[in-house]
Amino acid sequence: MRNTVLRLIGWRLVAGVGVLWGAATLTFLVLYLTPGDPAQAIVGGENAAPTPEVIAQVTAEYGLDRPWYAQYLSHLVRVLRGDLGTSYRLHTPVTQAVGEQAGATVELAVAAAVVGLALAVTVALATAKRRRWIRGIASGSELTIASTPSFWLGILLLTVFSFGLRLFPATGSHGFSSLVLPALALALPIAGVLGHVLREALEEVLDEPFIVSARTRGLPDLTVRLRHALRHALVPLVTMSGYWVGALLGGAVITETLFTRQGIGRLLLSAVNAKDLPVVLGVVLLSAGVYVLVNLVVDLLYLVIDPRLRDVPAIARPAAEGAA
């Protein structure tokens, strides 16, 4: 067991380094190839009116006139040393800029994850193996919500609960009331996908012989679903944790912008518009690092949920997990 865990962690760390390198390289190339002058952001943005001499001086000072590969290697070496650099636009260290916004994004992501998971589990438990029309309504609602973009859901929520009923504020990031609508806009598409996957898994588990045995012992239906069926049906949900993370991080950019909330999403959007490469690179590496960490934790959870995977080599585990 110990050797299996160590091999798994080692394999995932090697793969994680590749993911971080790929994310950093792709980010640099995309920002380098898009139109815009980083020197303009450094001297004050679009509203500034620097002279050509000032632009030329800043370009030379920051090494922006060097070939692309020299700039790429410079950024890569700096990151390897643990230095994310200084923001072109904010003129503060990237770690400080990200740290000041991280709390609001974590708060939004945790709230959305809890709400999304609670909705998915509740609806799936209530509708799995029920009458056909009940499953049809649940499935149709989940597909509709899952295919609706977050910004459309956000606009609908604002129209009804903020501008119409005036129950929650439309903007801001202070207090519980300002968190409700952004968390719902981010959580509903996730709940739609997870609920659909979980109900299909539950319906397969509810046909297993051990479920029939539990029912013949006179256990109530709710007890059978919660105590015996749910644990076995959670494996596909754990498999989709990468989707959770991607949906939460990607959705945070749109949600924070729509609701004018503080957070890493708005910081990233502003940095992309200003070609602030150090900030964009820092946020992307942070997101990729979280993604790698979550996948490592999920792989370790598999060993707890399904002991048969302890004998499967780490490199072949994804196929075995899919079969499970």
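The values are calculated or read from the model by the stated rules, or taken from the named source; none is laboratory data. Just so you know, these numbers come straight off a predicted model, no measurement behind them. Glycine also receives a Cβ, built like all others from the backbone with ideal geometry; neighbour counts cover every protein chain displayed. Calculation scope for accessible area: heavy atoms of the full protein, side chains included, ligands and nucleic acids excluded. Shrake-Rupley method; radii C 1.70, N 1.55, O 1.52, S 1.80 Å.
Side notes on the structure shown:
- The chain: most fluctuating residue of L198, L300, L186 per GNM, C-alpha cutoff 10 Å: L300
- Helix axis angle, 52-61 relative to the chain longest principal axis, alpha carbon, degrees: 60 degrees
- With the simple spin-label model, which puts each label point 7 Å out from Cα in the Cβ direction, the V106 to H174 separation comes to 2.2 nm.
- 5 angstrom amide H check on T86, placed H, neighbours 5+ away: V94
- Summed side-chain charge close to V197 - residues other than V197 whose Cβ falls under 13 Å, Lys, Arg +1, Asp, Glu -1: -3
- Sulfur and carbon atoms: percent of accessible area, the chain [1.4 Å]: 66 percent
- Cα-based convex hull, the chain, per residue volume (Å³, whole number): 168 Å³
- Farthest toward the positive end of the dipole of the chain, out of V115, L202, F161, is the Cα of L202, where the dipole comes from beta carbon charges about the Cα centre.
- Among S270, S287, S147: highest mean-square fluctuation, GNM of the chain, C-alpha pairs under 10 Å: S147
- Listed residues V30, V292, V115, most fluctuating in the chain (Gaussian network, C-alpha, under 10 Å): V30
- On Cα atoms only, tilt of 132-146 relative to the major axis of the chain in degrees: 10 degrees
- The charge dipole of the chain, taken about its Cα centre with unit charges on the Cβ atoms of Lys, Arg (+1), Asp and Glu (-1) only, comes to about 1240 debye.
- Value of [θ]222 nm, deg cm²/dmol, for the chain, DSSP H segments ≥ 4, -39500 (n - 2.57) each, nearest 500: -23500 deg cm²/dmol
- Charge tally in the Cβ shell below 13 Å around T105, where Lys, Arg are +1 and Asp, Glu are -1, T105 excluded: -1
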